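The values are calculated or read from the model by the stated rules, or taken from the named source; none is laboratory data. All values reported here derive from a predicted model rather than from experimental measurement. All Cβ positions, glycine included, derive from the backbone under ideal geometry; neighbour counts span all protein chains shown.
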Ligand SMILES: Cc1cc2nc3c(=O)[nH]c(=O)nc-3n(C[C@H](O)[C@H](O)[C@H](O)COP(=O)(O)OP(=O)(O)OC[C@H]3O[C@@H](n4cnc5c(N)ncnc54)[C@H](O)[C@@H]3O)c2cc1C
């Protein structure tokens, strides 16, 4: 059996669902599949959504629902070896203006799928996976998809790969991308008895720790250590007390007498950074399928929202005009994607491959900590609200010296 739609999307997670909803709001017919089931959600995620995502969340009309579900408005205090960069100090208590969300994926992913279900022009098939991608003589894409007992051919004007960091479409089309290895591994768990309001991030010499409030009772804690330390943690039977001892030694950590692990420990050993072509073989790549970054940056979901929004903005008008050539919109997407995301990728991946802090990093943190304007700009960079270049300009003009 063969089906035709304006837009076909493979992967119904943050990037895929965002794109589906934005196109459907404009009246385009959308076909979207996921190999997992409707109620599945991403487990390997620490649930911090950067402020960068807020404009797209508003556009999707899901902000109110997110808050009703219990998403916590969130921002970061960053504890460095040279002092704390405190969000409410540098933003003068402006939590209502600059914030992201701590929202569990078990809430966010079903919400996005529920939103998709409210559009008659979106067809979503769960437990369907991609088998092959073809192009006909007119350049239109056809994908063959397979469910439990059915195979379908789907043809569309725009094919979108939103199938995550291990993208099968990228493999089929040899869109291998550039890989920057991370020097770290990570593990995280949920705890009760750690009373947190928003999120904190500790930058230590050989580790990074993140803690974020998910509900009044539940706090997620993630550890990022140098890869050489994996056996020290993974083969350790007393890991709970080791984690709590480590947390107890961190500046600004509340009293941990009642702290208790409330979930399994989730490990992620491959957290390498990958940058692919976001427009390749006439296919648009979104989210992790286009760019995967070390989770220590906590940026993947916001980047998934942003890339879907960017693609939509660049191609929507072309889809409204059947005579026009959508390639122009896809080329514009590639230009804008690279201009926006590449500098963030370079900054994140260069920190990611480092195993230890360097003396120059400590000097840098000292500057960021002491100067409120630089501190504010630094948090805006971490929230991905400004580019590394804009941050560098603010840094230079506020210390009067060029930096490397
Ligand atoms: C340990 C860890 C912690 C993280 N913490 C954070 C965080 O705090 N904040 C943050 O913003 N980001 C975080 N991330 C990153 C974030 O989880 C991802 O960036 C985000 O989920 C990317 O969304 P996506 O839609 O691009 O891809 P994914 O969420 O990976 O979704 C891809 C979808 O495609 C489907 N799929 C794949 N192949 C096929 C196929 N062949 N056929 C059909 N369907 C297919 C999958 O089932 C899946 O639903 C973390 C990542 C890790 C590993």
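Looking at segment 173-204, which of its residues are in contact with a helix residue (DSSP H, G or I) (Cβ under 9 Å, 6 or more places away or on another chain) and not in a strand (DSSP E or B)?
Within segment 173-204, 175, 176, 177, 181, 182, 183, 194, 198 qualify.
Within the bounds of segment 107-115, is there any residue that is surrounded by 14 or more Cβ atoms within 10 Å (Cβ to Cβ), touching a helix residue (DSSP H, G or I) at 6+ places or on another chain (Cβ under 9 Å), at pLDDT 95 or above and assigned to a loop (DSSP other than H, G, I, E, B)?
So far as segment 107-115 goes, no, none of its residues is surrounded by 14 or more Cβ atoms within 10 Å (Cβ to Cβ), touching a helix residue (DSSP H, G or I) at 6+ places or on another chain (Cβ under 9 Å), at pLDDT 95 or above and assigned to a loop (DSSP other than H, G, I, E, B).
For segment 287-305, state whether one or more residues are away from the ligand (no atom under 12 Å from the Cβ) and either assigned to a helix (DSSP H, G or I) or modelled with pLDDT under 95 (or both).
No, every residue in segment 287-305 fails to be away from the ligand (no atom under 12 Å from the Cβ) and either assigned to a helix (DSSP H, G or I) or modelled with pLDDT under 95 (or both).
Within the set of pairs 6+ apart or on separate chains, which have a first residue in segment 194-219 that is on the phi > 0 side of the Ramachandran plot, a second that is in a strand (DSSP E or B), and C-beta atoms under 9 Å apart?
none
If residue 36 passes every condition in (1) touching a residue at least 40 places away in the same chain (Cβ under 8 Å); (2) more than 24 Å from residue 293 (Cα to Cα) but one, which one does it miss?
Condition (2) is where residue 36 drops out.
So residue 37 clears everything in (1) within 12 Å of the ligand (Cβ to nearest atom); (2) out of contact with any strand residue (DSSP E or B) (no Cβ under 9 Å at 6 or more places or on another chain); (3) modelled with pLDDT of 95 or more except one condition, right? Which one?
Exception for residue 37: condition (3).
Check segment 116-135 and report whether any residue there is closer than 19 Å to residue 307 by Cα and either touching a residue at least 60 places away in the same chain (Cβ under 8 Å) or part of a strand (DSSP E or B) (or both).
Checked segment 116-135: at least one residue is closer than 19 Å to residue 307 by Cα and either touching a residue at least 60 places away in the same chain (Cβ under 8 Å) or part of a strand (DSSP E or B) (or both).
So that you can scan it fast, the table gives a plain yes or no per residue for (1) under 30 Å from residue 249 (Cβ atoms); (2) within 14 Å of the ligand (Cβ to nearest atom); (3) in a loop (DSSP other than H, G, I, E, B):
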residue: 15; (1), (2), (3): no, yes, no
residue: 55; (1), (2), (3): no, no, no
residue: 67; (1), (2), (3): no, no, no
residue: 78; (1), (2), (3): yes, no, no
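Do we find that residue 158 is over 30 Å from residue 72 (Cα atoms) and either in contact with a strand residue (DSSP E or B) (Cβ under 6 Å, 6 or more places away or on another chain) or away from the ligand (no atom under 11 Å from the Cβ) (or both) in this structure?
Yes; evaluated as a whole, the condition is true for this residue.
Go through (1) closer than 27 Å to residue 220 by Cα; (2) within 12 Å of the ligand (Cβ to nearest atom); (3) touching a residue at least 24 places away in the same chain (Cβ under 8 Å) one by one and return the number of the condition residue 166 breaks.
Answer for residue 166: the failing condition is (3).
Mind counting the residues in segment 362-379 that are crowded, with 17+ Cβ neighbours inside 10 Å, touching a residue at least 60 places away in the same chain (Cβ under 8 Å) and out of contact with any strand residue (DSSP E or B) (no Cβ under 7 Å at 6 or more places or on another chain)?
Residues that pass the stated criteria total 1.
If the requirement is being surrounded by fewer than 17 Cβ atoms within 10 Å (Cβ to Cβ), modelled with pLDDT of 95 or more, farther than 30 Å from residue 342 by Cβ and touching a strand residue (DSSP E or B) at 6+ places or on another chain (Cβ under 8 Å), which of these qualifies: 230, 265?
Working: 230 fails: modelled with pLDDT of 95 or more.
When all the criteria are applied, what remains is 265.
For (1) touching a strand residue (DSSP E or B) at 6+ places or on another chain (Cβ under 9 Å); (2) under 30 Å from residue 209 (Cα atoms), each residue gets a yes or a no:
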| position | (1), (2) |
| --- | --- |
| 16 | yes, yes |
| 24 | yes, no |
| 42 | no, yes |
| 51 | yes, yes |
| 60 | no, no |
| 65 | no, yes |
| 68 | no, yes |
| 83 | no, yes |
| 86 | yes, yes |
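Which is surrounded by 24 or more Cβ atoms within 10 Å (Cβ to Cβ) and outside the structural domain of residue 219 (by TED's automatic domain parsing), of 312, 318?
Values: 318 fails: surrounded by 24 or more Cβ atoms within 10 Å (Cβ to Cβ).
Result: 312 is the single residue among 312, 318 that is surrounded by 24 or more Cβ atoms within 10 Å (Cβ to Cβ) and outside the structural domain of residue 219 (by TED's automatic domain parsing).
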